[in-house]
Amino acid sequence: MKKVLFASAALIALGAGSAQAVEPVKLDIGGYMNQWVGYATNKDSAVLSPTQTGKGSAKVDVQDDVEIDFKGSTKLDNGLSVGVEVDTNGSQGRSVRSTGANGDGKRSFATVSGGFGALEVGEQDNVGALIHSGSPDVGGIGGQDGNFMNWVAAPAGHSDTRQRTYAGDDRTENKVIYITPAFHGLSAGVSYTPNIENSQTGHTSITSNFSNSIDPSNGQLAGDLYVYGLAYNAEFSGVTIKSDLGAGNANVAGLQVIQGGLNVGYAGFTVGGSYINRIIADDSLAIKTAGGQGASWDAGVSYITGPYGVSVTYFAGAAANANHFNKVGMDRDSTVTLAGSYDLGPGVAVKTSVFNTNWTSASGTLANKNDGVGVVSGITVAF
């Protein structure tokens, strides 16, 4: 199936078989660098691994997130555009509270676009991630797209460690994506990821936790992931609207996902939020835990005027954990964040986040609990 789809992409790129590029592809270098310095507390020592700090820890830490992008495109004489993008991790800080980010490449894909829409093939976010809108966070740490768990640690036995509210972040997997042209602000998309058992583990993916799970029928969970979505972007008399509605399913364990998001902006204000529900039809408690059956949501408001920005966001999540007395309980987490930003110049900003994070468990055991507060400031540079 994968070979057929990849071959189809090649045929579209070739067009009638005689298309030539006006100019060869030339790569431009871009990306970003985020450098963070912060102070965070972790109340419960039982949640922390030997490489992490002890009970009541409150230490200054330094973390970073650096991405270097290589992008290029050309236009064929038949009207089609062909582009390539390769994104890499220039660096990723591993602090004592980090969940273990690695140095692998982030994306590597080719795009063919024209009047038919856009077709992408390679390592890229799936449609659920590409179309999604979440709470507006100006600080870079809170909301549904930050990394608060790198500061107030997720307990080792906690099930809900995803944080984001879209159908997976399986960008390290090769896939095929098709997105239609926009019609009065409305567009649709679909993505296909073969064999999600190879998905790289990480706190952002609904599929990754299947990697090390056992299915009695074949010894390992595996399957193909399909994600579908609609996106709507429009402006009416100064009011901007960004919204999405999506779903995903995999032919493994009865996995189904429903997501949605909405942002409304006016005169510098943006109000928004998002929701995801992860459903595991399989009756096995262990598989429900592996798939993270449960729901997450976020909401927030931001205001930007000139170089200044401020936001307040709230995130809450819950996921099944079958380790509680041989029955499914719900592990929960929540974070409230107050953030501010100031633009120093084009692509350069100073940001600060103050947040409180709480991890609780249906079992009530110390090993599955943690809470703490953090203050993180840093400089972000886009280039």
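The values are calculated or read from the model by the stated rules, or taken from the named source; none is laboratory data. Bear in mind the structure is a predicted one, so any value in this text is a computation, not a measurement. Because the Cβ atoms are built from the backbone with ideal geometry, glycine has one as well, and the counts that use them run over all protein chains shown.
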Seminar exercise, completed: Restricted to the stretch 274-292 and to residues being surrounded by 17 or more Cβ atoms within 10 Å (Cβ to Cβ), touching a strand residue (DSSP E or B) at 6+ places or on another chain (Cβ under 7 Å) and part of a helix (DSSP H, G or I), the residue modelled with the lowest pLDDT is Gly291
Exercise. Out of (1) of a type in the set (A, V, I, L, M, F, W, C); (2) at pLDDT below 95; (3) crowded, with 23+ Cβ neighbours inside 10 Å; (4) within 20 Å of the chain's Cα centre (by Cα), what's the single condition that is false for Ala295?
Worked result: (3)
Exercise. So Asp69 clears everything in (1) modelled with pLDDT under 90; (2) not in a loop (DSSP other than H, G, I, E, B) except one condition, right? Which one?
Worked result: (1)
For this session: Starting from residues that are touching a Phe, Trp or Tyr at 6+ places or on another chain (Cβ under 8 Å), buried (at least 18 other Cβ atoms within 10 Å of the Cβ) and assigned to a strand (DSSP E or B), keep the ones in the stretch 89-136 and report whichever is modelled with the lowest pLDDT.
Result: Glu123
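Is it the case, given these coordinates, that Lys351 is touching a Phe, Trp or Tyr at 6+ places or on another chain (Cβ under 9 Å), crowded, with 17+ Cβ neighbours inside 10 Å and modelled with pLDDT under 85?
Working: touching a Phe, Trp or Tyr at 6+ places or on another chain (Cβ under 9 Å): yes; crowded, with 17+ Cβ neighbours inside 10 Å: yes; modelled with pLDDT under 85: no.
In short, no.
Of the residues Val82, Val47, which single one is in contact with a His (Cβ under 9 Å, 6 or more places away or on another chain) and either modelled with pLDDT of 85 or more or among the aliphatic types (A, V, I, L, M) (or both)? Explain how you work it out, then say what you get.
Numbers: Val82 fails: in contact with a His (Cβ under 9 Å, 6 or more places away or on another chain).
Result: Val47 is the single residue among Val82, Val47 that is in contact with a His (Cβ under 9 Å, 6 or more places away or on another chain) and either modelled with pLDDT of 85 or more or among the aliphatic types (A, V, I, L, M) (or both).
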Seminar exercise, completed: Pairing a residue in the stretch 234-254 that is closer than 27 Å to Ile280 by Cβ and acidic (Asp, Glu) with any residue that is assigned to a loop (DSSP other than H, G, I, E, B) and at pLDDT below 90, where Cβ atoms lie under 9 Å and the two sit 6 or more apart in sequence or on different chains, gives Asp244/Tyr166
Problem set entry | From the options Ala253, Ala267, Ala234, residue that is small (Gly, Ala, Ser) and modelled with pLDDT under 80 | Ala253
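Could you tell me which residue of the stretch 75-88 is farthest from Glu23 (Cα to Cα), considering only residues that are free of Cβ contacts under 8 Å to residues at least 60 places away in the same chain and surrounded by fewer than 16 Cβ atoms within 10 Å (Cβ to Cβ)?
The initial filter retains those residues of the stretch 75-88 that are free of Cβ contacts under 8 Å to residues at least 60 places away in the same chain, namely 75, 77, 79, 81, 83-88.
Applying the additional criterion that residues be surrounded by fewer than 16 Cβ atoms within 10 Å (Cβ to Cβ) yields 77, 79, 81.
Values: Asp77: 10, Gly79: 13, Ser81: 11 Å.
Restricting to residues being free of Cβ contacts under 8 Å to residues at least 60 places away in the same chain and surrounded by fewer than 16 Cβ atoms within 10 Å (Cβ to Cβ), the top hit is Gly79.
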